[in-house]
Structures are given as structure tokens and as C-alpha cells.
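Since the structure comes first, as C-alpha cells, the remarks are kept for the end.
Just so it is clear, none of the values below were taken in a lab; they were calculated from the coordinates. Treat the numbers as computed from the prediction; the structure is a model and nothing was measured. Cβ coordinates were reconstructed from backbone atoms using ideal geometry, including for glycine residues, and neighbour counts include every protein chain displayed.
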């Protein structure tokens, strides 16, 4: 079984006020060769970890995908599963996501029950994470696939109450998600409200496309920012370098 070394590292970084930039790689968007190249550039740029997963996986090569990344880099490769089929024994850990902003039991506990025996068999480190979808100005893949409504972006107190409930339930992290390709990012006021209520690490992702947006989230209280669709933009790898650099400078 896992010794929880990834979560221990995240907690240590938070205690030392060290922020991080993670990159999300969706196997539907990358060939293995391109993913490996992106992973290496990300690591060299100061990215702290790679997330692997997506709302839909049309490929059945997630095991090979994750294994290839683990062999290419030394930073953690963490599963970001959309459901119980998106698991690999080669991952460093996985975010055990419960979509607490919604009321769909499949995403609150259903997929977790299916995945639990496999996680134990693989010896993966599960990191219980309260996953909160935030209104972003567009219908995102996760909103559509989960059949849940996002939290209203103008109601930070609702997000804070959900996050506090997650901490009380024993979850180890909060993930505020605007969604892949979001038009609007998670508002800094919402991040700050959540930060004021919880002690556990906060991850923020969705729509972060430049260093200014990244720094805004960090100033509001995010411990980790995640970029994904940024890689699909023109000069995507260069933008990743800029965001990673801004996170590093923020910690100095």
C-alpha cells in the first residue's frame, strides 16, 4: 500500500508557503511522443507535477501513457480521473475526486466504490479531494458529463461552505475548477473566501492562460495552479514556461 509520500510533500510545501504549478495532460489531446516532450519541457521549466486525465477518454492507452511519462520525468505523475476506468498502476498517486459542488451520487461516491478495489490492488496513493466546479461563462465538458450545475461565481460564501464541509469530512485538498477551456477563471474573491475557511491545500484550475492570471490566483490564496488547455494555444510550451516562472518568482 501507499505511504502517502505525495500528499506529505504537498503538505510540507504548503507549510513552507511554497506554491506550485501543475500541468494537466489529457490523453485525448496528445500522442504519447508529444506528451513526453511536453512533460520534459514542463519539468525543465519548474512545473511541480503532471496531472493525467479528462472528462472523456477516447483512447484506451492510459496505462502506456502514464508509464511513458513516469519514465521520462522525475516529477510526480498524478491521475486526475474522470471515472473509475481512468486508472493506471504506473502513476505516482491519484486525486480521489468527489464532486462536492454537485448532487449527482455517481460523482460523489459511485465511481469511488468502483475504483477503490483497483486502487488498493495497484498500491496507488489516493488523495481525497473535494472537487468544486465553478461557473465560468460556458458549459464545460465536466459540467455536461457530470450532469451537475456549477457553483455561482458571484457567491463566494457558497463555495466556502462547500470547502469547509469537505475539510470536516476529512478530505485532504480542495480543487476549484472553472473547467477545461473556461471563458472565465475562478474569481479571486472565491479563492480568498475558501482560503479563509480551510487549512488544507487549495488547487485552482480552468482558463488560466497567462502569468497575470496565475499570480492573481496565488495572491488570493491558491497553493497550486493548474494549466491544461494553455498547451493547445499558439506558443503553448512557451506560455507554460512563463507561468511556471511567475509561480517560482512568487515564492521567492
Task: Fraction of alpha-carbon pairs over 20 Å apart in the range 1-78 - percent - done: 35
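Considering only the range 84-222, what is the antiparallel percent among its DSSP beta bridges, to the nearest 5?
Numbers: 0 of 16 bridges.
Roughly 0 percent of the beta bridges in the range 84-222 run antiparallel, per DSSP.
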Task: Taking N as its residue count, the alpha carbon Rg of the range 93-184 over 2.2 N^0.38 Å - done: 1.10
Open item on the list: Antiparallel versus total DSSP beta bridges in the range 47-159: what percent is that, nearest 5?
Closed with: 0
TODO: Given the options 125, 177, 37, state which has the largest fluctuation in a GNM of the chain using a 10 Å cut-off (strictly under) for Cα springs.
DONE: 37
TODO: When a/c is below 1.5 the answer is rounded, else prolate if a/b is larger than b/c, else oblate, so apply that to the range 1-132 with a ≥ b ≥ c taken from the square roots of the Cα gyration tensor eigenvalues.
DONE: oblate
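Using just the alpha carbons, could you tell me how many Å³ per residue the convex hull of the range 144-252 encloses?
Residue-normalised Cα hull volume stands at 107 Å³.
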Open item on the list: Run the Debye formula on the Cα coordinates of the chain, all scatterers equal and no solvent, and tell me log10 I(q)/I(0) at q = 0.07, 0.09, 0.17 1/Å.
Closed with: -0.20, -0.33, -1.41
Task: residue 154-residue 212 FRET efficiency (beta carbon distance; Förster radius 22 Å; 0.05 resolution) - done: 0.50
TODO: Before rounding to the nearest 500, sum -39500 (n - 2.57) across all DSSP H runs of length at least 4 in the chain and divide by the residue total; then give [θ] at 222 nm in deg cm²/dmol.
DONE: -12500 deg cm²/dmol
- [ ] Would you mind pulling out the separation of the Cα centroids of the range 144-205 and the range 39-118, in Å?
- [x] 19
TODO: Using R₀ = 30 Å, calculate the FRET efficiency as 1/(1 + (r/R₀)^6) where r is the Cβ-Cβ separation of residue 12 and residue 145; round to 0.05.
DONE: 0.30
Open item on the list: Taking R0 as 35 Å, what FRET efficiency do you get between residue 114 and residue 138 from their Cβ-Cβ distance, rounded to the nearest 0.05?
Closed with: 0.75
